[in-house]
Amino acid sequence: MDTTVNSARETGYVKTLLGRRRNLRDINSRNSLTASNAERVAINTPIQGTAADMIKIAMIDIHNEFKQQKLKSVMVLQVHDELVFDVYKPELEQVKSIISSKMQNAIPDLKVPILVEMGIGHNWLEAH
């Protein structure tokens, strides 16, 4: 965390693992409250920003795979780190396999395992 904040102070920005950049204009502010908020953002952005990058890549990859395989199932909603699908029942196992694979491999060569959990139901509440 200290390394990230120090780097942000030097460069004025932080990056996600995929290189998306967030400028932090207040990181060197003389106002301690303003600088403290920018430090919090500097620590948070590489983690949450990378997670956002990951789910967006997974969404694109899942959509493309559904199209390529001409599936009737569709992705209907993203809520933070969750994706909601309307799945054609005969495609359920195939769709689960695609989703799991594309989410786990959205960012290759990560040093931590990506856990993908799935729930099934007639609505979002039932799926939890």
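The values are calculated or read from the model by the stated rules, or taken from the named source; none is laboratory data. Worth saying up front: this structure is predicted, and the values here are computed from it rather than measured. All Cβ positions, even for glycine, are placed from backbone atoms using ideal geometry, and neighbour counts span all protein chains on display.
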Options Lys96, Lys89, Lys56, Lys102: the member that is more than 18 Å from Glu117 (Cα to Cα) and among the basic types (Lys, Arg): Lys89
Looking at segment 1-14, which of its residues are out of contact with any helix residue (DSSP H, G or I) (no Cβ under 7 Å at 6 or more places or on another chain) and closer than 16 Å to Gly49 by Cα? Tyr13
In segment 21-127, which helices (runs of 4 or more DSSP H) lie fully inside it and hold 1 or more residues that are touching a helix residue (DSSP H, G or I) at 6+ places or on another chain (Cβ under 6 Å) and farther than 30 Å from Thr3 by Cβ? 32-68, 92-104
Could you check segment 35-88 and list, in sequence order, the residues that are on the phi > 0 side of the Ramachandran plot and modelled with pLDDT of 95 or more? Lys70
Is it the case that some residue within segment 1-17 is over 30 Å from Asn105 (Cα atoms) and touching a strand residue (DSSP E or B) at 6+ places or on another chain (Cβ under 8 Å)? yes
Of the residues Ile43, Ile62, Ile55, Ile27, which is more than 30 Å from His122 (Cβ to Cβ), of a type in the set (Val, Ile, Thr) and either under 14 Å from the mean Cα position of the chain (by Cα) or surrounded by fewer than 17 Cβ atoms within 10 Å (Cβ to Cβ) (or both)? Ile43
In segment 81-109, the residues that are surrounded by 13 or more Cβ atoms within 10 Å (Cβ to Cβ), under 13 Å from the mean Cα position of the chain (by Cα) and over 18 Å from Asn64 (Cβ atoms): Glu82
Can you pull out every residue in segment 26-71 that is of a type in the set (Lys, Arg) and touching a strand residue (DSSP E or B) at 6+ places or on another chain (Cβ under 9 Å)? Lys56
Just to verify a result, which residue in segment 1-20, among those that are assigned to a strand (DSSP E or B) and in contact (Cβ under 8 Å) with a residue 12 or more places away in the chain, is surrounded by the fewest Cβ atoms within 10 Å (Cβ to Cβ)? Lys15
